[in-house]
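What follows draws every value from the coordinates through simple rules; no lab data is involved. Note that this is a predicted model, so its numbers are computed, not measured. Ideal geometry is used to build each Cβ from the backbone, glycine not excepted, and the neighbour counts take in all protein chains shown.
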Amino acid sequence: MEGLGCGPDGLTNVRRERKLGQNMSRDLVISIEETLLAEATSKAASEHRTIDELMHQWLAEYVHRKNRIEQHRELMERLSYVHAPERRLTRDELNER
């Protein structure tokens, strides 16, 4: 693995550089326990993915999480006029037209 090395603390340092279109991505150095990295790499490979793809996806979701939560809150406010029944409806009641 490119940029793989073991640090003095016994953790694996992973360094990645990737070109995305016209934008050059930044290097990211993280320390991960070797066993965790090996398990993650194995699982990612079984899903035909790479650790780089998974980290990119996780970071994008992390950054946009607040946005999704805010969108959900706004939707709930817009739908606040909808009131659910106090009890669970039967199949026949649901199918009534």
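Annotations for the structure displayed:
- Distant-in-sequence amide H partners of LEU28 (H built 1.01 Å from N, under 5 Å): ARG16
- Distance between the modelled labels on THR35 and ILE69, one decimal in nanometres: 3.3 nm (7 Å Cα→Cβ projection).
- Theoretical FRET efficiency, 1/(1+(r/R0)^6), r = Cβ-Cβ of GLU53 and MET24, R0 30 Å, to 0.05: 0.95
- Karplus-derived HN-Hα couplings along the range 26-31 (A = 6.51, B = -1.76, C = 1.60, θ = phi - 60°), whole Hz, x at Gly and Pro: 8, 6, 10, 10, 10, 10
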